[in-house]
Structures are given as structure tokens and as C-alpha cells.
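S.K.: To start, I am sharing the structure in question, which I have written as C-alpha cells.
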Amino acid sequence: MTRFVTEKRRMSETGAGSLFACIILLCASSIAQTAETLMKLEVRELLTVPCNQDIDLDCNIISFREPVVNSMSWQHHVAKPRCIVNDTKPADGPQCTYTKGKQLVLHLHSVTPAMEGEYTCKILSNQGIKSATSIIKLEECYSQGSWSSSGTELTCWFPGVYPEGTIHWFSEGRNVTEDAVMAISRVDRKGLFNVSSTLHDARSGGLYTCTLWIPSTGRTLGEVHMEKIQAAEISWNTQLASGGGVGLGQQLPSILLLVSILMV
């Protein structure tokens with residue numbers, strides 16, 4: 001009987017010990033999960049921005065208690081950190097604005113294609129390391145188109161284009177793009193393209209339109225209307241440009257001579 005009681009007591013103590021160990025493990029797990037959710041960073045995941053517009057990227061610290069920030073930064077995916085702050089050396093100016101334990105704002109001025117992509121907000125604090133990413137996507141860009149005439153050729157161009165585009169030509173409603181030659185697009189340091197095209201053998205006195213078309217979006221962004229110079233002007237301009245034929249200055253002595261003979 002005594003042996004049975006002893007065994008029963010031992011089993012009870014073992015069960016109690018196991019239960020206590022389980023409780024400890026559950027508590028530890030709960031504490032770990034609480035620590036994981038104790039703080040997080042909140043950002044806007046996707047921002048579609050008009051060309052050359054200013055925008056602020058907000059990185060908000062969400063926490064039950066204010067953290068001690070050792071380092072906090074905004075970083076572009078292809079560049080060095082745009083700003084780095086902490087609780088003892090906050091940055092407050094044209095680049096970034098930091099509110100202690102609350103928020104880091106990155107100020108982007110006149111957004112261009114070169115500034116597109118991922119921006120990551122990172123924080124190192126007494127509550128751990130966290131990060132969150134915002135993506136900036138730029139809307140289409142273009143500036144007012146222009147045109148010029150040289151002999152029988154018309155040239156149309158659009159500066160500051162994004163994404164890269166092409167130029168379509170129309171003559172009184174008829175598509176004549178196949179008669180034109182696109183120049184190689186040049187991209188500037190801001191990531192913008194300069195797009196141009198030349199239409200050869202334009203009909204004198206004809207009405208022409210060139211339009212900027214963006215293949216990647218399937219949209220037409222702008223157009224330029226033009227009227228071809230008259231045939232006499234084309235002939236004269238071509239003669240001067242090529243250096244061929246006889247200019248008026250060369251013909252003048254002969255004309256004067258003929259007039260003087262007729263007056264005799």
C-alpha cells in the first residue's frame with residue numbers, strides 16, 4: 001500500500017513538473033511573439049507620382065511604447081541612404097524630417113524617372129530591427145512638341161519623354177509614318193528621352209500632324225500641327241541649302257545688262 005502511494009505521488013509530481021515546463025514554454029513563446037509585434041513600421045506600399053512633382057515618403061513607427069532609436073534611415077534601392085537619423089542626432093531639413101520615436105519623412109523634390117523604384121525604411125532600436133518598403137512609380141512625362149522645315153523635309157520632336165516613345169505622322173488624316181525616319185532616342189541624366197522623327201519628301205502646301213505615342217502604355221500624349229511651306233519657297237530654300245543653281249546675286253548683273261540693252 002505504501003509503495004502504491006509513493007508511486008502515485010511520484011507520478012503526480014512528474015505530471016506537475018511537465019505541466020509547469022509546458023506553461024514556461026508557452027509563456028516564453030508568447031513573450032517572443034509579443035516582442036515580434038511590439039513594434040512595426042508603416043509606409044505606403046505603392047505611390048504613383050506625376051512627373052516633376054514633389055512627394056513625401058512617410059515611415060511611421062507603430063509601437064506600444066516609444067522605442068529608443070539607435071539608427072533609422074530611408075534608402076533608395078540603387079543609391080546610398082538618403083538620410084540616417086537617431087534619437088541624439090535627428091535630421092530636420094530639406095532632405096528628411098524626424099519626429100523622435102514616431103516618424104521619419106523623406107522629402108523628394110521634382111520626381112524624375114531616375115528616382116523611380118524601391119525605397120526602404122529601416123530602424124534599429126531597443127525593440128529590434130525592422131524594415132518596410134515603398135515603391136514609387138512615375139506617370140508618363142512629356143513636354144510640348146516642336147517642328148521645323150528644311151527643304152522637302154519636316155522634323156518633329158518631343159523633349160522630356162518617359163517612358164520612351166515614338167512619333168507617328170499623319171497627312172490630312174492619312175497615316176504616313178512609314179515615310180518617316182525615327183532618330184535614335186537620347187536619354188538625359190534624369191532618365192528622360194528626347195524623341196524626334198523626320199518626314200522626307202513632304203508635299204508642298206500639305207497639312208501635317210505628328211503625334212507622340214508611348215508603346216508600353218498604348219497612349220498618345222501630344223500632337224503638333226504644321227503646314228508645309230509653298231513649292232516656290234521649297235525650291236528656293238533647297239537651292240540655297242544645297243549651293244546648287246544660280247542665286248539672285250549672281251543673276252543681277254545679267255539682268256541689268258539686258259535691261260540697259262533694251263532701253264537703248
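S.K.: Could you check segment 109-216 for strands (runs of 3 or more DSSP E) lying wholly inside it with 3 or more residues that are closer than 30 Å to Met39 by Cα?
M.R.: 117-125, 128-138
S.K.: Quickly run through segment 86-99 and pick out the residues that are surrounded by fewer than 17 Cβ atoms within 10 Å (Cβ to Cβ) and modelled with pLDDT of 90 or more.
M.R.: Correct list: Thr99 only.
S.K.: Can you name the residue in segment 167-193 that is surrounded by fewer than 16 Cβ atoms within 10 Å (Cβ to Cβ) and among the polar types (S, T, N, Q) and, of all such residues, is nearest to the chain's Cα centre (by Cα)?
M.R.: Once the filter is applied, the top-ranked residue is Ser185.
S.K.: A further question follows. Restricting to segment 207-221, name every residue that is touching a Pro at 6+ places or on another chain (Cβ under 9 Å) and either within 9 Å of Gly165 (Cα to Cα) or of a type in the set (Asp, Glu) (or both).
M.R.: Correct list: Ile214, Pro215, Ser216.
The values are calculated or read from the model by the stated rules, or taken from the named source; none is laboratory data. Values in this document were obtained by computation on a predicted structure and should not be read as measured data. Note that we place each Cβ from the backbone using ideal geometry, even for glycine, and neighbour counts take in every protein chain shown.
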